[in-house]
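In what follows, a single structure is set out as C-alpha cells and then discussed.
The values are calculated or read from the model by the stated rules, or taken from the named source; none is laboratory data. Please read all numbers here as calculations on a predicted model, not as lab measurements. Here Cβ is always computed from backbone atoms with ideal geometry, including for glycine, and neighbour counts include all displayed protein chains.
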Ligand SMILES: [Fe+2]
C-alpha cells in the first residue's frame, strides 16, 4: 500500500531530479490542507454609523492634534482566496476598543473614551491583495482578552468577520471563551506577535493575514 508518508517521500525524491514537476504536484495538496481564517463574531460594536473620519489611520482622528493613546502599531496583511491567490480590491474594516477599553459606539460607555482614537477604519487591498492600517496594540476589557476585529468584503458582500489576538497574552487568551472555542490550528492563524518596528522606533508592527474559505 502506498502510504501518505511514502507519497511525500517520493515527491521529495522527485523534487531532487525534477523540481518543476514536484512543485506543480505539491501545490494542490497544500491548498487543500490549508486552514481558512476562522470566523469569529463581530460582537456588538461594529459601527451603526461610520465615523466622519474612517480612513486606515486610526491613530489620528479628524484634525485633532493629540494622537491616540496607546502603543502605536503598523498593521500589514494580505488577503488570499481558498486557492492561495491574492484577493485584490477587497474592502477591509478594522475596529477595536481604545486604550482605555472603550469602543466608540453608542452601545459602550462614554466614560474614559479617548476622543483622539478613530476606533474604526476602512481600506482596500491592492493588486497583490495587501493592505495596511495604523492603530494601537489591543487592550483587554471586562470579559475579553485583547483583540482586533477585522471584516472582509468582496463586491459589497461581507465574506469574513474575524478577530486577531496578541501572542504575548497567552494567559488572557486561554481564559477567553471565544478564543478557546477555536481549534489549535485556527488559533495559530489569528494569534500574532507584535514586534518592534525598526522603521519607526517607538512603534510596533504586526501582520494580520487572511485566508478566505
Ligand atoms: Fe471586541
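Here are the numbers for this structure:
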quantity: Single unsatisfied condition, residue 182 versus (1) more than 16 Å from the ligand (Cβ to nearest atom); (2) farther than 26 Å from residue 69 by Cα; (3) touching a residue at least 24 places away in the same chain (Cβ under 8 Å); calculated: (1)
quantity: Complete set of residues in segment 143-160 that are within 11 Å of the ligand (Cβ to nearest atom) and surrounded by fewer than 21 Cβ atoms within 10 Å (Cβ to Cβ); calculated: 143, 144
quantity: Positions within segment 185-198 being in contact (Cβ under 8 Å) with a residue 24 or more places away in the chain and part of a loop (DSSP other than H, G, I, E, B), in sequence order; calculated: 193, 194, 197
quantity: Residue selected from segment 30-52 under the condition modelled with pLDDT of 95 or more and away from the ligand (no atom under 16 Å from the Cβ), by the criterion farthest from residue 150 (Cα to Cα); calculated: 36
